[in-house]
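Novice: My structure is below; once you've seen it, I'll send some questions.
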Amino acid sequence: MKIALMDSGIGLLAATAAVRRLRPDADLVLSLDPDGMPWGPRTPEDVTQRALAVAEAAAALAPDALIIGCNTATVNSLTALRARLEPGLPVIGTVPAIKPAAAGGGPFAIWATPATTGSPYQRGLIEEFADGVPVTEVPCHGLAEAVEHADEAAIDAAVAAAAALTPHDVTTVVLGCTHYELVAERIRAAVQRPGRPPLVLHGSAGAVAAQALRRLGEQPAPGAAADGTITVLLSGREGALPAPALAYDEGRLLQAVTPAR
C-alpha cells in the first residue's frame, strides 16, 4: 500500500505521523511545495494551480490514495483535485474539525490561515454543524510560516497575537491549519484561562488518516512491520524532509522509524 500526502510545507507531518502509526508498513509519498510556500496568503485560483501541480507530482508515483494534508488546499482545491484525479486516485481532504467541536456545546474558536478564515467553505461548515453554538473565526497571521521554519520567536508572537483575538470564554479551539497541530501544546498554553476547565483542542490528523484507510478498504495494523518507505518531493523534485521538520515530534518519528530514502 502506498499513500501520498500533499501540502505546501511540513504541515502534512501531523497526518503523515498518524498514517505511520496506523500502518507502519505503508509506503509514503510526501509532496511539498517549497517553491510556492506559503499557500495561505495566495488567491484561491493560485492555491488551486499550486495544489494541482503538487498532487500530479505525487500521482506520478502511483499511490493508492492521496491525502490533502492542508486545510487551505482543501478549502480552495478539493473539487478541482477530485475532478482531475478521481476515480483512479481517491483524494481525501482535511476539513476543520468543526462538527466535533460544536458537539461539545460550548463557545469555540477556529484558528486558521487568512485564506481559510471567512471562506465560503468554512462558513458553510459552521452553518451546517454549529447552529446555535457561538463560534469565533481567528485569522492566524504568520503562524503557518513560523511553524514551517521552526522559528521559535515568530511562533510565540503569532500564537500570542491569535490568542489575543480568542474570546476568554471559549472551551474549545479547532486547529484549522495542519501546521498548527505541530505546536498544539503551545496553543493550549496560550489560550488556557486561569480557573477555566481544561481547553479542548480539535485537530484533523487522526481522522484523515483513518478515512484514507477506509477509502482503501484497509484496516489499521499498528503492529505491522515498520518497513514502509518515504519518498519526499519538493515542488516535484525528489529530495529529503526539510530540516525544520526535525524540530517537531512528528518529524522525528518519521526519521526514526522510516528515514527518507
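Novice: Could you check the simple spin-label distance between T136 and R21, using points 7 Å along Cα→Cβ, in nm with one decimal?
Specialist: Simple spin-label model gives 2.9 nm for this pair.
Novice: Length gain on complete extension for the stretch D35 to D156, per 0.36 nm per residue less the alpha carbon to alpha carbon distance? Could you put the intermediate results ahead of the total?
Specialist: Details: separation 121, 0.36 × 121 = 43.56 nm, distance 2.52 nm.
Roughly 41.0 nm would be gained on extension.
Novice: Here's another thing I want to ask about it. If I stretch the segment between D64 and E86 completely, what's the gain in nm (0.36 nm per residue apart, minus their alpha carbon distance), one decimal? Write out the running numbers ahead of the final one.
Specialist: Details: separation 22, 0.36 × 22 = 7.92 nm, distance 1.11 nm.
Full extension of this stretch gives 6.8 nm more.
Novice: What percent of all Cα-Cα pairs in segment 12-144 falls in each 10 Å bin, counting up from 0?
Specialist: Taking every Cα pair in segment 12-144, the percentages come to 12, 39, 34, 15, 1.
Novice: Further question on the same structure: Dimensions of the chain along principal axes (Cα, Å, largest first)?
Specialist: 48, 36, 35
Novice: Taking the Cα centre of the chain as the origin, how large is its charge dipole in debye, to the nearest 20, when only Lys and Arg (+1) and Asp and Glu (-1) carry charge on their Cβ atoms? Numbers along the way, then the final one.
Specialist: Numbers: 19 positive and 27 negative charges, 87 e Å.
Value, rounded to 20: 420 debye.
Novice: Return the Rg/Rh value of segment 163-229, two decimal places, where both radii are evaluated on C-alpha atoms and Rh is the Kirkwood radius. Before the final figure, lay out each step's value.
Specialist: Numbers: Rg = 16.5 Å, Rh = 14.5 Å.
Rounded to two decimals, Rg over Rh is 1.14.
Novice: Just grab the label-to-label distance for I126 and D169, each label 7 Å out from Cα along the Cβ direction, in nm (one decimal).
Specialist: With each label point 7 Å from Cα toward Cβ, the separation is 1.7 nm.
Novice: Keeping every protein chain present and rolling a 1.4 Å probe, give me the accessible area per residue for the chain in Å². Don't skip to the end; give the middle numbers.
Specialist: Working: 10580 Å² over 261 residues.
Spelled out: the 1.4 Å probe surface of the chain, per residue, equals 41 Å².
Novice: For D227 and Q49, what is the calculated FRET efficiency with R₀ set at 41 Å and r taken between the beta-carbons, to the nearest 0.05?
Specialist: Numbers: r = 36 Å, r/R0 = 0.88.
Here the calculated transfer efficiency is 0.70.
Novice: Using +1 at the C-beta of Lys and Arg and -1 at the C-beta of Asp and Glu, which of V54, P34, L81 has the Cα lying farthest in the positive direction of the dipole of segment 1-160?
Specialist: Most positive-ward Cα: L81.
Novice: When DSSP beta bridges are limited to those with both residues in the chain, what percentage is antiparallel, rounded to the nearest 5?
Specialist: Working: 3 of 31 bridges.
So the antiparallel bridges amount to about 10 percent of the total.
Novice: Let me ask another. Would you calculate, for the chain, the mean residue ellipticity at 222 nm contributed by helices, counting each DSSP H stretch of 4 or more residues as -39,500 (n - 2.57) and dividing by all residues, to the nearest 500?
Specialist: On the way: 10 runs with 105 residues, N = 261.
Taking each H run of at least 4 residues, the total per residue is -12000 deg cm²/dmol.
Novice: Can you pull the accessible area of E145 for me, 1.4 Å probe, Å² to the nearest 10?
Specialist: Counting only protein heavy atoms, the figure is 50 Å².
Novice: Further question on the same structure: Report the FRET efficiency, 1/(1 + (r/R0)^6), for K2 and D249, where r is their Cβ-Cβ distance and R0 is 30 Å, rounded to 0.05. Display every interim value, and only then the final one.
Specialist: Numbers: r = 24 Å, r/R0 = 0.81.
FRET efficiency, K2 to D249: 0.80.
Novice: On the accessible surface of the chain, probed at 1.4 Å, how many percent belong to carbon and sulfur atoms?
Specialist: Details: 5840 of 10580 Å².
Summing carbon and sulfur atoms, their accessible area is 55 percent of the total for the chain.
The values are calculated or read from the model by the stated rules, or taken from the named source; none is laboratory data. Remember, it's a predicted structure, so these values are computed and weren't measured experimentally. Note that we place each Cβ from the backbone using ideal geometry, even for glycine, and neighbour counts take in every protein chain shown. Ligands, DNA and RNA are stripped out before the accessible areas are found, and what is left, the full protein with its side chains, is counted by its heavy atoms. Shrake-Rupley method; radii C 1.70, N 1.55, O 1.52, S 1.80 Å.
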